[in-house]
Ligand code: GTP
Ligand code: SPV
Ligand code: MN
């Protein structure tokens with residue numbers, strides 16, 4: 001498969017340490033993948049679903065203690081502690097290698113070691129990066145084959161070159177011995193005792209964000225937790241937007257948005273370039289260009305339906321692996337909360353227990369059929385709104401960068417920053433309510449700078465400085481905005497309809513970028529005039545509703561500024577530019 005000595009040495013070392021019974025190279029051919037699927041079904045790892053309704057689709061259930069990213073057990077390992085962040089877990093590299101070696105010793109006895117050569121980004125593009133993941137999990141192999149470009153073609157491009165090393169074993173799936181360790185200084189990722197998503201599909205958060213953010217800092221580009229979408233105008237011109245929202249805060253939904261009727265009628269279309277990760281560089285024309293390094297979507301299943309996200313639903317109808325959703329034994333299909341009003345009568349929940357859609361636990365609470373963080377792994381090519389620029393190695397030029405999170409109060413529907421550095425400040429001070437995408441409490445507000453808190457591979461203060469430095473390199477920087485789809489009324493209901501109607505906010509954002517609409521200056525930035533948000537055809541929303549959604553309460557924002565100051569105090573190396581921005585915000589709020 002390859003004569004790359006570093007790849008061969010990596011495999012030999014791993015064989016000696018983990019003691020697998022055999023080594024199998026993933027060549028990327030459909031025949032081999034089909035054989036893997038068959039084997040996974042025989043071993044009870046996958047359930048083959050109804051091939052008429054869901055061709056090529058399978059269901060997998062994880063163990064119950066392994067259903068989300070584990071931030072508490074995710075480490076950045078480096079020589080010096082301050083090259084990580086006080087808000088991330090750190091281990092000294094040498095110590096981490098020693099600990100991991102003990103855990104990996106003999107862990108693959110009797111198992112197959114799979115070698116997955118994969119490319120993040122189009123194979124052979126000068127901006128793409130190559131990884132080799134060694135794993136004992138056939139589930140990881142089949143998911144990586146959807147999420148990334150895998151196989152011989154990647155080795156051919158790699159030649160004698162360098163790559164990011166990834167070593168994974170599900171070992172004993174022990175929670176106490178679960179570790180996801182990153183060594184940015186060595187281009188290495190080591191993961192053990194999990195078999196779930198972001199913990200084990202090492203090309204995704206581990207490489208494309210944690211390792212890549214460090215590479216970006218060193219090489220002068222950016223790896224960001226952002227969707228990328230294109231808005232096509234009736235005249236055929238397309239403008240691109242990248243948006244960073246924390247996990248389970250609406251990236252996949254926004255990326256695949258279908259415009260409301262009034263926009264569709266005029267000829268507006270939205271195209272998806274990516275739903276989770278953007279690698280961003282300065283183009284020759286002085287603009288920022290973004291590519292999506294992934295090849296598939298690892299999306300949240302619950303809440304996905306024909307109305308909220310028909311494009312995502314359509315994307316999952318073939319060649320998809322569902323993880324931890326409910327099973328319908330009557331027709332051999334899958335179901336999740338929010339899919340439709342017809343849960344299976346004769347079903348099995350994500351834990352593997354009989355389930356009929358109407359069951360309560362000992363406390364009288366409804367038992368869910370699907371885990372709240374259940375997901376689909378679906379090929380990008382299935383997506384009806386996939387951008388024709390998806391494979392473009394140079395990426396798409398960004399008109400706007402958007403930050404956002406889940407805030408029941410505080411953040412208005414949308415506002416624009418006043419400059420690049422002010423936009424970096426807005427991103428750095430983002431906060432959002434936690435979700436089921438990571439283990440731990442749900443609904444707690446925490447600071448999540450640029451939606452990267454769990455994903456920066458180095459010191460957060462240095463990461464902010466890198467953003468400021470990048471701003472100096474772009475002649476025509478994108479404008480930076482913040483959105484919040486999640487403001488609630490007194491009863492806790494979302495006020496803004498969201499989903500497709502978010503197009504109305506994107507419309508304002510792009511008009512601002514083109515200098516076509518005015519705005520109101522406030523202490524936090526530029527807010528729309530309420531009548532400039534198009535509400536034509538929206539039931540139950542008036543200009544007054546929009547006024548409410550755009551309201552900025554000074555006292556709440558004074559508290560917010562305190563919160564930002566406290567957060568900066570928890571970090572090290574926060575650049576002076578951002579401290580100045582904070583002082584400026586406080587002065588304006590007190591004026
Ligand atoms: P990750 O894949 O974990 O990074 O999540 P994501 O950011 O892609 O979030 P996703 O689009 O999967 O949405 C997560 C949850 O938010 C789902 O339950 C959606 O139904 C809900 N959601 C998404 N967009 C909106 C919106 O505009 N309004 C409201 N109210 N909910 C939304
Ligand atoms: C996220 O949590 O942001 C995800 C899922 O996209 S995972 O791949 O598990 O990180
Ligand atoms: Mn997503």
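Looking at the range 280-296, which of its residues are assigned to a loop (DSSP other than H, G, I, E, B) and either at pLDDT below 95 or on the phi < 0 side of the Ramachandran plot (or both)? Reasoning before the result, please.
Step one: of the range 280-296, the residues assigned to a loop (DSSP other than H, G, I, E, B) are 283-287, 292-295.
Across the range 280-296, the qualifying residues are 283, 284, 285, 287, 292, 293, 294, 295.
If residue 324 meets every condition in (1) more than 15 Å from ligand 1 (Cβ to nearest atom); (2) crowded, with 24+ Cβ neighbours inside 10 Å apart from one, which number is that one?
With (1) more than 15 Å from ligand 1 (Cβ to nearest atom); (2) crowded, with 24+ Cβ neighbours inside 10 Å applied to residue 324, the lone miss is (1).
Out of the residues in the range 422-444 meeting the condition of being in contact with a helix residue (DSSP H, G or I) (Cβ under 9 Å, 6 or more places away or on another chain) and more than 21 Å from residue 562 (Cβ to Cβ), tell me which one is farthest from ligand 2 (Cβ to nearest atom).
Narrowing the range 422-444 to residues in contact with a helix residue (DSSP H, G or I) (Cβ under 9 Å, 6 or more places away or on another chain): 422-432, 437-440.
Next cut, more than 21 Å from residue 562 (Cβ to Cβ) only: 423, 437-440.
Working: 423: 22, 437: 4, 438: 6, 439: 11, 440: 12 Å.
That would be 423.
Of all the residues that make up the range 412-429, how many are free of Cβ contacts under 8 Å to residues at least 60 places away in the same chain and in contact with a strand residue (DSSP E or B) (Cβ under 8 Å, 6 or more places away or on another chain)? Before you say what the answer is, go through the steps one by one.
Going through the range 412-429, the residues free of Cβ contacts under 8 Å to residues at least 60 places away in the same chain turn out to be 419, 423.
From what's left, in contact with a strand residue (DSSP E or B) (Cβ under 8 Å, 6 or more places away or on another chain): 423.
Qualifying residue count, the range 412-429: 1.
Residue under question is residue 278, and the condition is that it be surrounded by 18 or more Cβ atoms within 10 Å (Cβ to Cβ), within 12 Å of ligand 3 (Cβ to nearest atom) and in the same structural domain as residue 477 (by TED's automatic domain parsing); does it hold?
Details: surrounded by 18 or more Cβ atoms within 10 Å (Cβ to Cβ): yes; within 12 Å of ligand 3 (Cβ to nearest atom): no; in the same structural domain as residue 477 (by TED's automatic domain parsing): yes.
Answer is no for this residue.
Could you list, in sequence order, all residues of the range 491-508 that are outside any helix (DSSP H, G or I), away from ligand 3 (no atom under 16 Å from the Cβ) and touching a residue at least 40 places away in the same chain (Cβ under 8 Å)? Even if it seems obvious, please write down each step before you answer.
At the first step, the residues of the range 491-508 found to be outside any helix (DSSP H, G or I) are 491-498.
If we keep only those that are away from ligand 3 (no atom under 16 Å from the Cβ) too, we end up with 491-497.
Across the range 491-508, the qualifying residues are 492, 495, 496, 497.
From the list 179, 214, which residue is more than 16 Å from ligand 3 (Cβ to nearest atom) and closer than 28 Å to residue 2 by Cβ? Steps first, please.
On the way: 179 fails: closer than 28 Å to residue 2 by Cβ.
Answer to the selection: 214.
Please determine whether any residue of the range 19-28 is assigned by TED's automatic domain parsing to the domain that holds residue 103 and surrounded by fewer than 13 Cβ atoms within 10 Å (Cβ to Cβ). Before you say what the answer is, go through the steps one by one.
Filtering the range 19-28 down to residues assigned by TED's automatic domain parsing to the domain that holds residue 103 leaves 19-28.
Cutting the leftovers down to surrounded by fewer than 13 Cβ atoms within 10 Å (Cβ to Cβ) gives us 21-22.
Yes.
Which strands (runs of 3 or more DSSP E) does the range 386-490 wholly contain that include 1 or more residues that are surrounded by 19 or more Cβ atoms within 10 Å (Cβ to Cβ) and modelled with pLDDT under 95? Steps first, answer last, please.
On the way: elements: 396-404, 414-416, 431-433, 445-447, 479-483.
Result: 431-433.
Restricting attention to the range 214-237, report how many residues are in contact (Cβ under 8 Å) with a residue 40 or more places away in the chain, surrounded by fewer than 19 Cβ atoms within 10 Å (Cβ to Cβ) and closer than 16 Å to residue 269 by Cβ.
Residues flagged as in contact (Cβ under 8 Å) with a residue 40 or more places away in the chain, surrounded by fewer than 19 Cβ atoms within 10 Å (Cβ to Cβ) and closer than 16 Å to residue 269 by Cβ within the range 214-237 amount to 0.
Mind checking which pairs have a first residue in the range 105-134 that is on the phi > 0 side of the Ramachandran plot and a second that is modelled with pLDDT under 95, Cβ under 7 Å, 6 or more apart or different chains?
121/127
Of the conditions (1) outside any helix (DSSP H, G or I); (2) within 19 Å of residue 132 (Cα to Cα), residue 59 clears all except one; give me its number.
Single failed check for residue 59: (2).
Could you please give the count of residues in the range 9-33 that are touching a strand residue (DSSP E or B) at 6+ places or on another chain (Cβ under 6 Å) and farther than 13 Å from residue 115 by Cα?
The qualifying residues number 1.
Results for (1) in contact with a helix residue (DSSP H, G or I) (Cβ under 9 Å, 6 or more places away or on another chain); (2) within 16 Å of ligand 2 (Cβ to nearest atom); (3) at pLDDT below 95; (4) closer than 30 Å to residue 20 by Cβ, shown as yes or no for each residue.
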| residue | (1), (2), (3), (4) |
| --- | --- |
| 168 | yes, yes, no, yes |
| 183 | yes, no, no, yes |
| 203 | yes, yes, no, yes |
| 264 | no, no, no, no |
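Residue by residue through the range 515-551, note down the ones that are in contact (Cβ under 8 Å) with a residue 60 or more places away in the chain and more than 20 Å from residue 411 (Cβ to Cβ).
534, 536, 537, 538, listed by residue number.
Determine the pairs where a residue that is farther than 27 Å from residue 446 by Cα, located within the range 246-259, has a partner that is part of a helix (DSSP H, G or I) and within 12 Å of ligand 2 (Cβ to nearest atom) with Cβ atoms under 6 Å apart, the partner being 6 or more residues away or on another chain.
Close Cβ pairs (under 6 Å, with a partner that is part of a helix (DSSP H, G or I) and within 12 Å of ligand 2 (Cβ to nearest atom)) do not exist here.
Do we have residue 77 as touching a residue at least 60 places away in the same chain (Cβ under 8 Å), in contact with a helix residue (DSSP H, G or I) (Cβ under 8 Å, 6 or more places away or on another chain) and farther than 28 Å from residue 219 by Cα here? So that I can check it myself, show each step before the final result.
Values: touching a residue at least 60 places away in the same chain (Cβ under 8 Å): yes; in contact with a helix residue (DSSP H, G or I) (Cβ under 8 Å, 6 or more places away or on another chain): yes; farther than 28 Å from residue 219 by Cα: no.
No: the conditions fail for residue 77.
Which of the residues that make up the range 83-96 are outside any loop (DSSP other than H, G, I, E, B) and in contact with a helix residue (DSSP H, G or I) (Cβ under 9 Å, 6 or more places away or on another chain)?
83, 89, 90, 91, 92, 93
The values are calculated or read from the model by the stated rules, or taken from the named source; none is laboratory data. All values reported here derive from a predicted model rather than from experimental measurement. As a convention, Cβ positions derive from the backbone with ideal geometry for all residues, glycine included, and neighbour counts pool all protein chains shown.
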